[in-house]
Amino acid sequence: MKTCCICKEVNSNYKCPTCKEPYCSLVCCKLHKEIGCVIHVQEPVEQPKEKPECNFPTEDTVPIEKLELLRYNDEVKECLKNPHVRDIARAIISDPDPSKLIALAMTEPIFVELADACLKVVEPSNDNESC
């Protein structure tokens, strides 16, 4: 049930087009406008982002924490400035079976540059290790 914002009558069938407050009659509407209504803007509540989970991890699965580092890497950002690289990435992401497109993309030097930059972040080389 909606209560009139002026006289507090319970069955208010109307609402102010500006602030959406309920009112019950023309008299209450005029009083409401004389008093002055305020547009109530509801602040959006930011939902915490859920981290995606990998349902079928393998030995090649990269932890989410390492993947998140990619967004801050300057070399990765520089590669992604190239519209051709972004087009290739979009095509791979949208393909139901991206394996062939990835193989094709790896023939493009500019895409290989992006892949190398990503690998440096998620699999940093240890110079102290010997083969």
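The values are calculated or read from the model by the stated rules, or taken from the named source; none is laboratory data. All values derive from a computational prediction rather than experimental measurement. Don't worry about glycine lacking a Cβ; one is built from the backbone with ideal geometry, like all the others, and counts go over all protein chains shown.
Taking each residue of the stretch 25-41 that is more than 19 Å from E9 (Cα to Cα) and looking for partners that are at pLDDT 80 or above and hydrophobic (A, V, I, L, M, F, W, C) with beta-carbon atoms closer than 6 Å, six or more apart or interchain, yields V38/C19; I39/C19; H40/C19. Out of everything in the stretch 87-109 that is surrounded by 13 or more Cβ atoms within 10 Å (Cβ to Cβ) and part of a helix (DSSP H, G or I), what residue ends up being nearest to the chain's Cα centre (by Cα)? Restricting to residues being surrounded by 13 or more Cβ atoms within 10 Å (Cβ to Cβ) and part of a helix (DSSP H, G or I), the top hit is A89. Residues that are assigned to a loop (DSSP other than H, G, I, E, B), modelled with pLDDT under 85 and of a type outside the set (V, I, T) within the stretch 17-32 comprise P17, C19, K20, listed in sequence order. Does E50 satisfy the condition of being under 39 Å from the mean Cα position of the chain (by Cα), farther than 30 Å from E68 by Cα and either modelled with pLDDT of 85 or more or of a type in the set (D, E) (or both)? When the stated conditions are applied, E50 does not pass them. Annotation note: Cβ proximity below 6 Å between a residue of the stretch 60-81 that is free of Cβ contacts under 8 Å to residues at least 24 places away in the same chain and surrounded by 11 or more Cβ atoms within 10 Å (Cβ to Cβ) and a residue that is of a type in the set (K, R) and not in a helix (DSSP H, G or I) (sequence gap 6+ or interchain) occurs for I64/K51. Output the residue which, of all residues in the stretch 62-86 that are under 13 Å from L114 (Cβ atoms) and basic (K, R), is farthest from the chain's Cα centre (by Cα). This residue is K81.
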